[in-house]
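First the structure, in the form of structure tokens, and then the observations on it.
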Amino acid sequence: MITYFGIILVLYLIPEVVRSDYIVNLLVFFLIRSLVAVSFNLLYGYTGLLSIAQGGFYGIGAYGYTLLVIHGGWPTWPAWLAGGLIAAVISLPVSAITFKLKGHYFAICTLALSLIITAILTIWRGLTSGALGIAGVPPMGGISLPWIGEVSFKDTFSFYPLVLTIFLLILLVIYLLTNSKVGRTFQAIRENEELSLSVGINPNHHKAICFFISAMISGLAGGLFASYIGFVHPMTSDVFIGLFALACTVVGGTGTLLGPVVGMLLLGTLPEILRIDPMLRNLLFGICLILVIRVAPKGIMGILSKGQGAIQKSLGE
Amino acid sequence: MFLLEAKGIFKNFGGLQALCDVDIHISEGELVSIVGPNGSGKTTLFNVITGFHKPTKGTIKFKGNGIEGLSPYKIARAGIGRTFQVTALFDNLCVLDNVIVGLHRQTTSRMIDALIRDRHYRKEEQECLEKAKAMLHFVGLENCENDLAGPVPSFSRKRLAIAIALVSDPSLLLLDEPAAGLNVEEIDRLAALVKSIQKAGVTVCVIEHKMKFVMSLSNRVMVLNEGVKIAEGTPAEVSQDSRVITAYLGK
Amino acid sequence: MSQYLINGLVLSSIYIIVALGLTLVYSILDVPNFAHGELVMLGAYLGVFLIGLMGVTNYFLVLILSVFALAGFSVLLWKFIFRPLRGAPPVTMFIAALGLVYVLQSAVQLIWGKEWLSLPSPFAGSVLFGGAAITHTRVFIFSFGCLLMILVTLFVYRTWLGKGIRAVSQSESGAALAGINANRMITLTFALSGALAGCAGILLGHVTFVFPSMGFSPLLKAFAMIIIGGMGSIPGAIIGGFFIGIIETLSVAFFSAEYADVFAFGALVITLMIRPRGLMGKLE
């Protein structure tokens with residue numbers, strides 16, 4: 001327990017130690033994109049649903065926040081939550097459409113739906129200003145904390161603790177859910193849907209809930225993104241956001257809590273910190289992906305747990 | 001009133017007629033066996049009863065209520081448990097978790113309860129844990145609680161599948177070829193297990209090829225051939241029935 | 001209006017060639033090759049290299065070289081990347097293909113840069129047809145595309161090798177009993193798929209620009225085509241192809257280019273909702 005508190009404390013203190021705008025900025029993006037990967041992992045790692053629609057929900061969350069604040073005059077926090085909720089609600093018809101599809105048909109359908117979302121965001125100019133995007137998206141509103149007073153989130157250094165807090169809270173929720181009856185039921189559905197039916201589980205009900213939560217997380221991540229960079233564009237819902245989250249999760253280790261985070265750190269953030277040339281970065285990313293899937297299909301967390309198991313075994317003997 | 005009563009069951013798959021005007025009734029406390037050559041429609045009958053297939057025609061009543069056409073999970077919740085011809089387990093979960101999942105229909109805590117880990121949820125999880133452990137003890141698997149279900153040997157797999165189906169106290173348990181692939185000693189142990197299940201008050205219906213298993217256990221036997229019921233009666237009656245002998249010899 | 005129709009028809013015929021390559025691999029592996037679009041892109045860049053940089057003037061030499069190069073490259077991908085993953089859950093092949101997408105696109109970008117290049121065709125001039133001017137290039141593309149469709153259909157249904165492919169795609173064990181080497185058939189299928197991609201790449205390069213991510217959009221359209229027509233079916237890819245082509249052309253004509261995506265992928269989703277196996281696909 002103490003180690004966890006220690007690690008969390010360290011995470012909060014990083015901006016103080018590393019007084020670099022660039023690094024903290026990277027960390028903010030890392031946290032936001034990790035949320036998308038975590039949302040994908042909930043769907044795929046636990047419930048076995050290979051969805052490529054996360055980009056679409058991310059974009060819906062971003063636009064939801066933007067439009068509610070700018071056109072609707074909403075205050076930022078409710079708008080952010082509502083953006084996530086809109087994405088979650090839109091996941092319901094997606095669920096209804098896709099749940100009877102198996103395997104790659106399901107994946108292709110979610111891919112198509114993500115592309116349709118991007119196309120609609122481009123076409124619905126009246127609502128979204130189309131391909132021009134919307135600039136001047138306000139950052140999250142300030143809050144008054146006891147003892148500290150007024151805290152604003154207008155710049156990287158002040159935004160970071162907010163994102164970190166939200167990230168940790170969501171991670172906690174995921175942990176509580178997946179390590180409970182809910183997570184067990186999700187995994188049962190993934191393992192054997194027929195058997196689940198025969199013990200009274202309604203798979204579609206649980207899949208829909210899983211999708212709802214996953215879409216909400218992606219949507220909230222999108223809202224954070226919009227409030228941070230101040231600009232949204234149809235490509236905010238680009239399908240490659242979902243694909244990248246998928247790749248990072250698989251590399252990090254599906255079905256584990258930290259797998260997607262580790263994967264995102266290694267494949268998304270580390271190359272940027274090392275300042276690897278962008279084109280080379282993609283090349284290495286692809287090579288990494290192919291290597292990992294060949295050599296270690298259970299991802300990095302799989303290697304770590306095997307190593308842990310081997311160490312425990314040798315200690316026990 | 002019969003516990004389970006199915007009348008006039010027809011099932012067509014495209015052009016293939018798998019079941020033709022089949023009636024089956026099971027009284028509480030009985031152990032009924034369904035036998036017949038391969039492809040005679042036995043598993044299809046189970047699938048129709050448990051909702052995995054919709055009958056083309058016919059009615060099915062369980063405890064007096066019509067269940068034909070309902071989704072499998074609703075029928076499971078009404079109190080019918082089953083195993084599958086190809087043993088179905090949650091391979092990547094541990095043995096104990098497999099059985100705990102089987103208790104799903106008895107749990108009432110909601111997702112919110114799970115999230116905040118309230119008293120209702122924690123009490124229920126504890127009860128599930130205890131019931132699951134007791135069930136594993138009942139089927140003789142208490143030593144492999146934490147093993148992953150996938151690599152477990154075949155007789156243990158069968159017992160685990162039975163445990164999953166049995167743990168939620170179904171009124172009717174359907175076993176689809178539980179003795180398939182077992183050796184002589186394992187079949188005897190299985191027979192003893194099935195007997196103790198019946199003694200515990202569960203009505204059992206078994207599909208089986210192995211006539212010895214069927215004869216020693218069943219109160220009643222029903223014979224299917226090419227989707228049609230050709231005989232029904234006590235094990236002794238049925239084994240003397242000429243139609244049955246022809247059907248088996250002919251295959 | 002007729003200009004739209006003609007352009008749509010020409011573009012669709014190219015996409016159908018892409019779809020044929022995609023559906024061939026799917027029929028025999030039961031997994032769609034997500035990196036197929038990149039093979040098309042490589043075909044286009046090879047054309048740019050041969051015509052633009054090497055100054056090769058014999059167009060058919062360029063086509064033949066592209067066919068062989070992409071067929072060979074496709075076989076290499078099968079041998080070294082996809083075949084080792086055959087036993088694993090299908091998602092691993094998808095991830096490997098995704099990795100390939102990144103690798104190939106960035107490799108090409110490193111060599112040629114991000115600029116949009118052009119791939120000139122040897123056909124100059126145009127002809128008048130029904131009040132619209134059609135370039136000879138477009139006539140060639142459409143005819144060559146149709147020729148390829150006919151050749152592939154004949155190959156798969158009339159030749160001994162084609163029957164071998166179909167046998168393995170229906171039942172690998174059954175085909176083995178008949179003495180057909182599944183691995184050889186799969187290799188052949190990949191070669192054929194690569195060859196088609198190579199042709200499609202060069203043809204595509206004549207009507208659009210050549211850039212590293214040019215393969216992704218045709219891949220998505222090809223997916224829509226083979227879902228509607230039925231994955232794994234050759235005639236399905238052709239029929240689905242023309243269907244999507246018509247939808248796209250009408251969308252562009254009546255609305256605008258962006259609507260083409262909505263209607264094409266909308267058709268894909270609707271197909272999956274009401275008849276997932278498409279018009280002519282096999283029942284799963």
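Values in this text are rule-based calculations from the coordinates and carry no lab data. Please read all numbers here as calculations on a predicted model, not as lab measurements. Heads up, the Cβs are rebuilt from the backbone with ideal geometry, glycines too, and the neighbour counts pull from every protein chain shown.
Points worth noting:
- Across A:LYS298/C:LYS163; A:LYS306/B:LYS123; B:LYS57/B:LYS210, pairs whose alpha-carbon gap is larger than 32 Å: A:LYS298/C:LYS163; A:LYS306/B:LYS123
- Choice from C:PHE80, C:PHE209, C:PHE144 with maximal GNM fluctuation in chain C (Cα, 10 Å cutoff): C:PHE80
- Counting only DSSP H runs of at least 4 residues, each contributing -39500 (n - 2.57), and dividing by the residue count of chain C, the helix-based mean residue ellipticity at 222 nm comes to -24000 deg cm²/dmol.
- Shown here: the stretch C:2-215, whose C-alpha atoms stretch 56, 40, 30 Å along the first, second and third principal axes, sorted largest to smallest.
- The orientation-averaged projection of the convex hull spanning the C-alpha atoms of the stretch C:125-252 amounts to 9.5 square nanometres.
- Intensity falloff of the stretch B:51-103 expressed as log10 I(q)/I(0), Debye formula with alpha-carbon point scatterers, at q = 0.15, 0.18, 0.20, 0.24 Å⁻¹: -0.55, -0.72, -0.82, -1.00
- In terms of other Cβ atoms within 10 Å, A:LEU111, A:LEU257, C:LEU76, C:LEU50 run from fewest to most in the order C:LEU76, A:LEU257, C:LEU50, A:LEU111.
- Per residue, the Cα convex hull of the stretch B:182-251 amounts to 99 Å³.
- Largest GNM mean-square fluctuation across A:VAL163, A:VAL232, A:VAL292, computed for chain A with C-alpha springs under 10 Å, falls on A:VAL292.
- Its residue count N fixes a reference of 2.2 N^0.38 Å for the stretch A:105-222, and the Cα radius of gyration divided by that reference is 1.48.
- Computed label-point distance, nm, for sites C:TYR59 and B:ARG189 using a 7 Å Cα→Cβ extension: 7.6
- The mean of 1/r over all pairs of different alpha-carbon atoms in the protein assembly as shown, once inverted, gives a Kirkwood hydrodynamic radius of 30.1 Å.
- Average projection, convex hull of the Cα set of the stretch A:1-150: 12.4 square nanometres.
- By the beta-carbon count within 10 Å of each Cβ, the least crowded to most crowded order of A:PHE211, C:PHE254, fewest first, is C:PHE254, A:PHE211.
- DSSP assigns beta bridges within the protein assembly as shown; of those with both partners inside it, close to 65 percent run antiparallel.
- Tail beyond 28 Å, pair distance distribution of chain B (Cα, percent): 35
- For the stretch A:20-55, the residues whose backbone nitrogen is under 19 Å from a point 7 Å from the Cα of A:ILE276, taken along Cα to Cβ, are A:23, A:26-27, A:29-31, A:33-34.
- Under 5 Å from the amide H of B:HIS53 lie the amide H atoms of B:VAL48, each residue being 5 or more positions distant or on a separate chain, with H modelled from the backbone and absent for Pro and chain starts.
- Equivalent ellipsoid semi-axes, the stretch A:20-238, via Cα gyration tensor eigenvalues times 5, rooted, Å: 31, 21, 14
- Candidates C:PHE216, C:PHE73, C:PHE155: whichever shows maximal mean-square fluctuation once chain C is modelled as a Gaussian network with Cα springs under 10 Å: C:PHE155
- For chain B, the relative contact order works out to 27 percent when only alpha carbon pairs closer than 8 Å and six or more residues apart are counted.
- Over the stretch C:174-217: Kirkwood hydrodynamic radius from C-alpha pairwise inverse distances, Å: 12.6
- Label point of B:SER27 set 7 angstrom out along Cα-Cβ; within the stretch B:210-251, amide nitrogens under 11 Å from it belong to B:220.
- The dipole here belongs to the protein assembly as shown: it is taken about the Cα centre, uses +1 on the Cβ of Lys and Arg and -1 on the Cβ of Asp and Glu, and is about 920 debye.
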